[in-house]
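A quick write-up on the structure given underneath.
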Amino acid sequence: MTQHSFRNPLLANGADPWIIRHSDGSYYMSVTLGDRIALWRSETLTGLADAQPKTVWVPAASGPYSRNLWAPELHCIENRWYIYYTANDGGGDDTRRVCVLELSGDDPLNDEWRFKGAVNTEFPGLDGTVLPHRGELYFFYSGYGYFPDYGSAVYAARMANPWTLTGPNVLITAPTEAWEKQGGMAINEGPVFLRRGGWIFLVFSASATWSDDYCLGMTRISESEDLLDAKAWIKHEGPVFAQNPESGVYAPGHNSFTLSPDGSEDWIAYHAYSYSEAEQPRSAGTPRSTRLQKFGWKEDGMPDFGVPLGTNASIPRPSGE
């Protein structure tokens, strides 16, 4: 490995990685920490590995939604900063909600974050994210239910503002196939988006997170269609990113997308295990590592994520670093 390359993992312990490149060129990252929310900031993508995290939110111990803080996402919406994260009061899945913080200022690491409340979703759930489209905001999240087995599915709703939904919660994708039901649970979670060639691609995680078969699936819709028209979404058959036992990568999922510093390359950040569940049993809280790799596009306009690269792979650094 040289200064022109790096190796995974980026973080040895970092589940549900969310990485964005802000308009000023800075990269921000968050991962699940459980009892708090922290942000990493770096001028380069791989530099996040050496950045010092800054804790930006610790909920009041006696307050609502103070336990099990999962999957925080940092968003800049209409020049204001928001963090969306999953939390509950220590109860079961039926108490889990997506909560919102709003920044009072312009510096996500040093200015004050204020709790706006829990998003008024129709179902309890997790993994909320925001998609701006044609002058409106849309909220996508993973809601709990029975499809037909116990699990979760991805719903969408229009937003009246960055913390309030209006209108129906529409079912966009549910776990109906065998590859979405591995590990004893039927799961579609962690929605995230790509846009290219007139398409909006919704990439989601499928199956139980502790299963080797945890993977990424995808559904897409034309930019010209109504995002809340469930029939307009076209679901891809089978996973688009899955385990690679030959390279020692298992259960790759809960990802985000970003660009290289010069904007010429697409990169995926995801978490995974470096050992099989046959070697060591896992649970929902077993540590996962954060990984990065570049991906490309097929001639038909579909994303080509390839296969997860193992820890022995020497990966060229993002263009522009």
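Looking at 292, 309, which is the one that is aliphatic (A, V, I, L, M), outside any loop (DSSP other than H, G, I, E, B) and under 20 Å from residue 10 (Cβ atoms)?
On the way: 309 fails: outside any loop (DSSP other than H, G, I, E, B).
That would be 292, the only listed residue that is aliphatic (A, V, I, L, M), outside any loop (DSSP other than H, G, I, E, B) and under 20 Å from residue 10 (Cβ atoms).
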I need the full set of residues from segment 57-93 which are in contact with a Ser or Thr (Cβ under 7 Å, 6 or more places away or on another chain), open to solvent by 20 Å² or more (accessible area, probe 1.4 Å) and among the hydrophobic types (A, V, I, L, M, F, W, C), in order please. 60, 70
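Filtering segment 206-229 down to residues that are among the aliphatic types (A, V, I, L, M) and either open to solvent by 40 Å² or more (accessible area, probe 1.4 Å) or within 20 Å of the chain's Cα centre (by Cα) (or both), which residue is farthest from residue 308 (Cα to Cα)? Step through it out loud before you land on a result.
Filtering segment 206-229 for residues among the aliphatic types (A, V, I, L, M) gives 206, 208, 216, 218, 221, 227-228.
Checking the rest, the ones that are also either open to solvent by 40 Å² or more (accessible area, probe 1.4 Å) or within 20 Å of the chain's Cα centre (by Cα) (or both) come to 206, 208, 216, 218, 221, 227.
Working: 206: 16, 208: 18, 216: 11, 218: 17, 221: 26, 227: 30 Å.
Result: 227.
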Go over the candidates 166, 121 one by one and state the one that is at pLDDT 95 or above, of a type in the set (Ser, Thr, Tyr) and not in a strand (DSSP E or B). 121
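Take the residues in segment 230-239 that are part of a loop (DSSP other than H, G, I, E, B) and open to solvent by less than 30 Å² (accessible area, probe 1.4 Å), then tell me which one is nearest to residue 175 (Cα to Cα).
238
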How many residues of segment 291-312 are modelled with pLDDT of 95 or more and open to solvent by 20 Å² or more (accessible area, probe 1.4 Å)? The answer is 12
Closer than 27 Å to residue 222 by Cα and touching a Pro at 6+ places or on another chain (Cβ under 9 Å) - does that describe any residue in segment 159-171? no
Select from segment 44-62 the residues that are touching a residue at least 24 places away in the same chain (Cβ under 8 Å) and either more than 30 Å from residue 3 (Cα to Cα) or in a loop (DSSP other than H, G, I, E, B) (or both) and list them in ascending order. 44, 45, 56, 57, 59
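The values are calculated or read from the model by the stated rules, or taken from the named source; none is laboratory data. These numbers come from a predicted model, not from an experiment. We place every Cβ from the backbone using ideal geometry, glycine too, and count neighbours over all the protein chains shown. Just the protein is used for accessible areas: all its heavy atoms, side chains included, with ligands, DNA and RNA removed. Shrake-Rupley method; radii C 1.70, N 1.55, O 1.52, S 1.80 Å.
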